[in-house]
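These notes concern the structure reproduced below.
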Amino acid sequence: MTYQLQDALAAMARSRDAETASDILRLNGARFPKAAAALRLAYLRRRSELRNAGNSLEQDVWSSTELSCQVLGTTFNPQSRNPRQMPEMVRKHGAPEALRRLIAGQGRDGTSFFQKCVEAGDLTFTAEAICLRHADHFDAATREIARERLDRHPGLPR
């Protein structure tokens, strides 16, 4: 990764509003076409952080849901849960149970969103990372599945 790209990603993480983050994405997307996915994920992550400031499980779940809908768009993968179903699962079962079902119900490689995050090099908003950040809300089996899935990608932020 070049120093200019590192600077762009750092500036994105420090941006104080979504408009500034959008400007950074637009200006650097053309400069670094091979890093477009990483820049877009950094932008969406920062926008979500700005909208959902806080450190609760529910805020992390809503940030992740919003981000996954943005990253995956309207594409539905029959092998994975549609991210648009997550709000209904949270309302029906609560955030911890919705995440537990999401983590336990996926194959070895996780959701489509998890795979997109791996490609972009940042696992911070995956269900697995949220599970481990809020470990006291989850049983040992769920934490172990999440840990194993994340451990297959060492070195990525989580």
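The values are calculated or read from the model by the stated rules, or taken from the named source; none is laboratory data. Quantities reported herein were computed from a predicted structural model and do not represent experimental measurements. No Cβ is skipped: glycine too gets one built from the backbone with ideal geometry, and neighbour counts run over all protein chains shown.
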Inset, instruction - Being among the charged types (D, E, K, R) and touching a helix residue (DSSP H, G or I) at 6+ places or on another chain (Cβ under 7 Å) is the filter; apply it to the range 102-132 and report the residue that is farthest from Arg46 (Cα to Cα). - result: Asp109
Inset, instruction - Sort through Glu148, Glu128 and tell me the only one that's under 28 Å from Ala35 (Cβ atoms) and either at pLDDT 80 or above or of a type in the set (A, V, I, L, M) (or both). - result: Glu128
Inset, instruction - Can you confirm whether the range 110-124 contains a residue that is in contact (Cβ under 8 Å) with a residue 12 or more places away in the chain and of a type in the set (Asp, Glu)? - result: yes
Inset, instruction - May I ask you to list pairs of residues, at least six apart or on different chains, whose Cβ atoms are under 7 Å apart, with the first in the range 88-104 being β-branched (Val, Ile, Thr) and the second being at pLDDT 85 or above and surrounded by 13 or more Cβ atoms within 10 Å (Cβ to Cβ)? - result: Val90/Ala98; Ile103/Ala127; Ile103/Glu128; Ile103/Cys131; Ile103/Thr142; Ile103/Ile145; Ile103/Ala146
Inset, instruction - Report yes if some residue within the range 48-66 is assigned to a helix (DSSP H, G or I), under 21 Å from Gln115 (Cβ atoms), of a type outside the set (Asp, Glu) and at pLDDT below 70; otherwise report no. - result: yes
Inset, instruction - Tell me which residues, restricted to the range 134-149, are aliphatic (A, V, I, L, M) and within 19 Å of the chain's Cα centre (by Cα). - result: Ala135, Ile145, Ala146
Legend entry - Near pairs, Cβ below 6 angstrom, 6+ apart or cross-chain, from the range 33-45 (within 16 Å of Val118 (Cβ to Cβ)) to any residue that is at pLDDT 75 or above: Ala37/Glu119; Ala37/Ala120; Ala38/Ala120; Ala38/Gly121; Leu41/Ala120; Leu41/Asp122; Leu44/Leu67
